[in-house]
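The values are calculated or read from the model by the stated rules, or taken from the named source; none is laboratory data. Here the structure is a predicted model, which means the values were calculated and not measured. Positions of Cβ are backbone-derived with ideal geometry, glycine not excepted, and every protein chain shown enters the neighbour counts.
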């Protein structure tokens, strides 16, 4: 549902009510950015207008209206949502500090702060905030039926934020299946899909994507019962002008099901066709330049480009390279509009990601190739690792090599031009200016991947993930990737063991398996090696339990002649220990 602002007598603050049919935020000045969460929580008030009839002036009517306005929570939410959407986290958190007292008692402001920290990638601060259940949630549960329903929705949303935070800070996916089932029950009983319901759905898709990747299986929870009618959902979002909700949905669905399935479900169109983006451009076209619409479209395109980057690393296909080129060609047109109409749009996460995506595309492309089928740059994708018998994981931007015995191919940095390296400096500086930790981490990953000597960049990335973000999952992936880089095996062993002591006793199977394989390769004592290899085999057997090889997730790249298997890499959401 779409909501508009309504003021009336007896209201201490504005109330959001359902917009009339056909009302489209997309055609309002600065309209799209108003699709903020949870307006449906407020009951629609009965209008109370006083009318006076003067018999001496039969043609005149006088309306008396009281507009009692004491505060404007919704206006604060609009401002904060705008900063979060554009990746302007320093400004957003400064604004929140001005609303500190109000945020402590207002659920939606408190929730917005948690969303902002998650979007920023500031898991350290988010963990401090979210570990303790807020007082307003307990208060809501003890009130009437309307507030009880509100409490259930907010409680589920808070639990999702808590779980998403712990996947980073504790590398823990415990209770994910229970949370998934609870979300299924709640969403299947809801008739409308407002911003809060869509947020829950998007968070569930993101969890599907992560569990799929880290258990190396395809959707271990099966088909969701609350699966939506994609076409109907798109028409609802279009009619209500909720383009940022659409951007969230496309991003999460692409991570969970892939771009091809997402495009088929929503647009009934081939994602790999030349005109794949025509429907969206036509449907969301505005009469004049609209900042929010342009940046939301750019957000969709750059996240598609990053998804294609991972696909190219896992299995280099020219179709993915051409699709990435098309995404960035479309995004170039939008960036040209932004630079012409509103240069302030350069100070956004979307612009930083656009610059970084171009650097990645340039790295992937072999510009010397005469044949289009040979345009993929094998060196950028470190294909030399295919000559060794181990496994490769490509899901974090850096290759994780899992040795078959104790072999170590070493790190050969991709041969990229100085221009590509220079292209990363600008988005890195912009991310730091915005306080955008997620984008900063992406940039540091790319520098670690292409730079020589590479060790200083690995160390900088690890410090940033561990000390600043408290992204322990990202730190573990960096440590595992550094097996190819760090010549000092005792040092790597110490860092991995220290890591194990800092985290929970639970972790996703694919990372647990990788941890044990690499530990078994770097420890000196034969008994220790035997122990870690036994643990690795146990996890591998669990992952290979029941399905066929066709259900494997594409992030695992292997040398088929050496490691051909018929079992699936499925673990069904089961959590195994480090």
*Residue match in the stretch 215-227 (condition: crowded, with 21+ Cβ neighbours inside 10 Å, in a helix (DSSP H, G or I) and modelled with pLDDT under 95)*: yes
*residue 166 passes all but one of (1) out of contact with any helix residue (DSSP H, G or I) (no Cβ under 6 Å at 6 or more places or on another chain); (2) farther than 24 Å from residue 511 by Cβ; (3) modelled with pLDDT of 90 or more; which number fails?*
(2)
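Residues that are within 21 Å of the chain's Cα centre (by Cα), surrounded by fewer than 22 Cβ atoms within 10 Å (Cβ to Cβ) and modelled with pLDDT of 80 or more: does the stretch 93-102 have at least one? Before you say what the answer is, go through the steps one by one.
Here is the first cut: in the stretch 93-102, the ones within 21 Å of the chain's Cα centre (by Cα) are 93.
Next, from what is left, pick out any that are surrounded by fewer than 22 Cβ atoms within 10 Å (Cβ to Cβ): 93.
Narrowing further to those that are modelled with pLDDT of 80 or more: 93.
Yes, the stretch 93-102 has at least one match.
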*Every residue from the stretch 258-282 that is in contact (Cβ under 8 Å) with a residue 12 or more places away in the chain and part of a helix (DSSP H, G or I)*: 259, 260, 262, 263, 265, 266, 267, 279, 280, 281
*Check off (1) modelled with pLDDT under 90; (2) under 30 Å from residue 530 (Cα atoms); (3) not in a helix (DSSP H, G or I) for residue 408 and give me the number that stays unchecked.*
(1)
*asked:* Out of 179, 205, 161, I need the residue that is within 22 Å of residue 267 (Cα to Cα), at pLDDT 80 or above and not assigned by TED's automatic domain parsing to the domain that holds residue 510. Which one?
replied: 205
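So is residue 369 modelled with pLDDT of 90 or more and either outside the structural domain of residue 83 (by TED's automatic domain parsing) or touching a strand residue (DSSP E or B) at 6+ places or on another chain (Cβ under 6 Å) (or both) or not?
Working: modelled with pLDDT of 90 or more: no; either outside the structural domain of residue 83 (by TED's automatic domain parsing) or touching a strand residue (DSSP E or B) at 6+ places or on another chain (Cβ under 6 Å) (or both): yes.
So residue 369 fails the test.
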*asked:* For the stretch 491-523, give me the residue count where each residue is closer than 20 Å to residue 407 by Cα and free of Cβ contacts under 8 Å to residues at least 12 places away in the same chain.
replied: 2
*asked:* Considering only residues that are in a helix (DSSP H, G or I), surrounded by fewer than 20 Cβ atoms within 10 Å (Cβ to Cβ) and either touching a helix residue (DSSP H, G or I) at 6+ places or on another chain (Cβ under 7 Å) or touching a residue at least 40 places away in the same chain (Cβ under 8 Å) (or both), which ones fall in the stretch 181-198?
replied: 182, 184, 186
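Mind checking which residues of the stretch 75-121 are outside any helix (DSSP H, G or I) and touching a residue at least 24 places away in the same chain (Cβ under 8 Å)?
Residues satisfying the conditions are 87, 88, 106, 121.
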*Can you name the residue in the stretch 423-481 that is free of Cβ contacts under 8 Å to residues at least 60 places away in the same chain and not in a helix (DSSP H, G or I) and, of all such residues, is surrounded by the most Cβ atoms within 10 Å (Cβ to Cβ)?*
454
*Kindly check whether there is at least one residue in the stretch 372-384 that is within 27 Å of the chain's Cα centre (by Cα), buried (at least 19 other Cβ atoms within 10 Å of the Cβ) and in a helix (DSSP H, G or I).*
no
